[in-house]
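The values are calculated or read from the model by the stated rules, or taken from the named source; none is laboratory data. Only a predicted model underlies this, so the values are computations on that prediction, with no experimental measurement involved. All Cβ positions, glycine included, derive from the backbone under ideal geometry; neighbour counts span all protein chains shown. SASA here: full protein model, heavy atoms, side chains in, ligands and nucleic acids out. Shrake-Rupley method; radii C 1.70, N 1.55, O 1.52, S 1.80 Å.
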Amino acid sequence: MIIVLKPRTSQEQIKKMENQIIRRGLTPHTVIGEEMTIIGCIGDTTKIDSKLFEVNECVEKIMHVQEPYKLANRAFHPEDSVIDVSGVKVGGDHLALIAGPCSVESEEQVIGIAKAIKAAGANMLRGGAFKPRTSPYAFQGMGLDGLKILCAAREETGLPIVTELMSLEYLEAFDENVDLIQIGARNMQNFDLLKHLGQTKRPILLKRGLNATYEEWIMAAEYIMAAGNENVILCERGVRTFESYTRNTLDLQAIPVIKSLTHLPIVVDPSHAGGKWWLVEPMAKAAVAAGADGLMVEVHNDPENALCDGAQSLKPEKYDMLLNSISKIAPVVGKSL
Ligand code: PEP
Ligand code: MN
């Protein structure tokens, strides 16, 4: 962090600033020029709120040279992190292929879809048991009964299960039963929930908030990591923009940006991004071509009658075709299926 002082700041004020910096655990390096004075602050500034220094009248501006996140930062961890989800690797040259219905609706539905996506080449099963719905009158998910169905599908197919945790109340049940715990877009900044995820060693799939900046998203990951769980996978799922034709706008730039700022894997969810089934294939291909570490796609056997997100769900045959194309793109960008 660099603090630029206003012209004609007195020696006494400079000394006062330096002491304040030392009290915060940093070492000041002061350069007094003819026009201005700057103080370089050496040390770990991640825990310092720079606003504290701004209250001094002699401060012109503060410049940050270090990001506020440390554990997720690529600068301190140059290699890609590879996260193990019950034997399925995510990150590096591995591609996570997560698919399944938006919501768990019945055992027959989930097991049928699980078998179909496995045959197509998926390596993880998704399905919402607890659903974050905009309307309180919409289907809210089957809850713990839905979780039991996902476990049965895992038993039947061997696919690790991915499902969303909305409340701390179920953390223990998720810790015991879920292979990859999803934190949805709407809970990305539920800091209390994030902090408690340190109590589990289960990997976390952290979706990007509806209008979260990269830094806010990475700071949410940092919360989980600082709490003691470094197994975090990020998921880009589209952000809200002025465009209303699509449900959200898929931010493909997030892939190279997240990879340059952090060492964490990033998967892309083209289903919630576009909100239309026919946008899933082109966006999924683009995501893998841009270096994504995986895809999370909604697949439903009967989208017309789905209880949630039918319009953006692929039928199993279409998912099979999608993975055929992905298997051709993946080796070009150094990913193995
Ligand atoms: C989901 O994956 O089912 C979901 C609700 O996604 P998001 O949190 O990204 O809206
Ligand atoms: Mn959905």
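For the reader, a short list of remarks on this structure follows.
- Note on Glu304/Glu79: beta-carbon distance plugged into 1/(1 + (r/R0)^6) with R0 of 51 Å gives a FRET efficiency of 0.65.
- The label point for Glu215 and the one for Ser86, both projected 7 Å from the Cα toward the Cβ, are 3.8 nm apart.
- Two-site FRET efficiency, Ile38 against Thr246, from Cβ-Cβ distance with R₀ of 35 Å, rounded to 0.05: 0.15
- Binned Cα-Cα distance frequencies in the range 83-333 - 5 Å width, integer %: 1, 7, 15, 20, 22, 18, 12, 5, 0, 0
- Model label sites at Leu337 and Ala227, defined 7 Å from Cα along the beta-carbon direction, differ in position by 3.6 nm.
- Taking the chain as a whole, the Cys residues whose C-beta sits 4.7 Å or farther from every other Cys C-beta are Cys41, Cys58, Cys151, Cys235.
- Rounded accessible area per residue of the range 143-232, 1.4 Å, Å²: 40
- Compared with the alpha-carbon gap, the fully stretched path from Asp93 to Asp49 is longer by 12.1 nm at 0.36 nm per residue.
- Trp277 accessible area, 1.4 Å probe, all protein chains in place, Å² to nearest 10: 110
- Solvent-accessible area of Tyr223, all protein chains in place: 80 Å² (probe radius 1.4 Å, heavy atoms, ligands and nucleic acids excluded).
- The range 8-69 - Debye-derived log10 I(q)/I(0), Cα point model, q = 0.15, 0.16, 0.22, 0.24 Å⁻¹: -0.43, -0.49, -0.95, -1.13
- Arg23/Ile2 FRET efficiency (R0 25 Å; Cβ-Cβ; nearest 0.05): 0.85
- Approximate spin-label separation Lys115-Tyr137, in nm, with each point projected 7 Å along Cα-to-Cβ: 3.8
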